Amino acid sequence: MNFKLAIFDLDGTLMNTSPGIFASANATVERLGLEPEHDPKQLSKFIGPPITQCFVKVYDLDPSLIDQAVVIYRKEYDEHGRFNASPYDKIEETLDALKKQGYLLAVGTLKYEPLARQMMDHFGLAPYFDSIRGANEASSLSKADIVRKVLDDLGVQRQDAVLIGDTTHDQTGAEEAGVAFIAVDWGFGFPKGMEKEPSMYAMVREVEDLLTLL
């Protein structure tokens, strides 16, 4: 299959953002008078879903506190966490190679869109992307909604696009948006060595392997 557009998830696909996310999440619940979480496996559930769901999945936060938690978290992450991250090895070289081959590239993330743009700028990745789309302030957009926004931005048909991500939320979003899906196992959702599932175009173990698939 020949794609015209590759849409990358951010957290766990382009970048290891866990240090900043985990610290900001724990700081948020401590501000709310609750106990922090120290189990990395439990904290990893904070990456992938919309932020409103993350606080329930990880901390079993009462629904009445969710809106307050999101406000605190975004302020904490903006001030202390957003740049406590790093691109995965070979990401920039792979993006550069794909760009030179003529691919359209995009970011499609459930991270708050202005923050995603800031991070791509800060880490020098923004020039590789033709569209950067993320969550709205209310966190009401699904992954499929965000993928559709990218397709509209770039005028690409869904059959010509592939979403690359590390969680089942990416997998479901790709299916709902009608685009192909490439899973990666270096992030936070899919376990290392996981076998390809029927709904996946491919399961990728190394960043540079994307060059042989696209």
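The values are calculated or read from the model by the stated rules, or taken from the named source; none is laboratory data. Keep in mind it's a predicted model, so treat the numbers as computed, not measured. We place every Cβ from the backbone using ideal geometry, glycine too, and count neighbours over all the protein chains shown. With ligands, DNA and RNA removed, areas are computed over all heavy atoms of the protein, side chains included. Shrake-Rupley method; radii C 1.70, N 1.55, O 1.52, S 1.80 Å.
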| Cα long-axis angle, helix 18-31 against the chain (0 to 90 degrees, to the nearest 10) | 30 degrees
| said: Positive end of the dipole of the chain, charges at C-beta (+1 Lys, Arg; -1 Asp, Glu), about the Cα centre: which of T212, L110, F55 has its Cα farthest in that direction? | reply: T212
| Hey, got the dipole for the range 15-66? About the Cα centre, +1 on K and R Cβ, -1 on D and E Cβ, debye to the nearest 20? | 200 debye
| query | Alpha carbon centre of the range 1-59 versus the range 115-138: separation in Å? | reply | 17 Å
| query | Pairs K75/K149; K4/K149; K41/K192; K45/K143; K100/K149: which exceed 20 Å Cα-Cα? | reply | K75/K149; K100/K149
| query | Rounded to the nearest 5, what is the percent of antiparallel bridges among the DSSP beta bridges in the chain? | reply | 10 percent
| query | If you count the DSSP beta bridges with both ends in the range 101-214, what percent of them are antiparallel, to the nearest 5? | reply | 0 percent
| remark: Note on the range 98-213: alpha-carbon gyration tensor, axes a ≥ b ≥ c; rule is a/c under 1.5 for rounded, else prolate if a/b larger than b/c, else oblate; result rounded
| Residue with peak Gaussian network fluctuation, the chain [Cα springs, cutoff 10 Å], from S199, S131, S24 | S199
| Helix 91-100 sits at what angle to the longest principal axis of the chain, using alpha carbons and giving 0 to 90 degrees rounded to 10? | 30 degrees
| query | Looking at A27, I66, P198, which one has the Cα that reaches farthest to the positive end of the dipole of the chain (charges on Cβ: Lys, Arg +1; Asp, Glu -1)? | reply | P198
| note | Row for the chain, column shape: gyration tensor on C-alpha, a ≥ b ≥ c, rounded if a/c < 1.5 i.e. under 1.5, prolate if a/b over b/c, else oblate; value prolate
| query | With every protein chain present, what is the per residue accessible area of the chain (1.4 Å probe, Å²)? | reply | 46 Å²
| remark: To the nearest 10 degrees, the tilt of helix 66-76 (Cα long axis) against the first principal axis of the alpha carbons of the chain is 70 degrees
| So what's the back-of-envelope 222 nm ellipticity for the chain, counting only DSSP H runs of four-plus at -39500 (n - 2.57) apiece and dividing by all residues, rounded to 500? | -11000 deg cm²/dmol
| What size of dipole, in debye to the nearest 20, comes out for the range 58-174 about its Cα centre when the only charges are +1 on Lys and Arg C-beta atoms and -1 on Asp and Glu C-beta atoms? | 300 debye
| note | So for the range 69-152, using the alpha carbon gyration tensor with a ≥ b ≥ c as root eigenvalues (a/c under 1.5 gives rounded; past that, a/b versus b/c decides prolate or oblate), I'd call it oblate
| message | Test of understanding: in a Gaussian network model of the chain with alpha carbons linked when under 10 Å, which of E79, E37, E92 would top the mean-square fluctuation ranking? | response | E79
| query | With every protein chain in place, what's the accessible area of E76 (1.4 Å probe, Å², nearest 10)? | reply | 40 Å²
| task | For the chain, with a Gaussian network of springs between Cα atoms less than 10 Å apart, report the residue from L104, L65, L163 with the top mean-square fluctuation. | result | L65
| field | Principal axis dimensions, the range 159-214 - Cα atoms, whole angstrom, descending | value | 26, 23, 17
| said: Which one, Q157, G178, L98, projects farthest toward the positive side of the charge dipole computed for the chain from Cβ point charges (K/R +1, D/E -1)? | reply: Q157
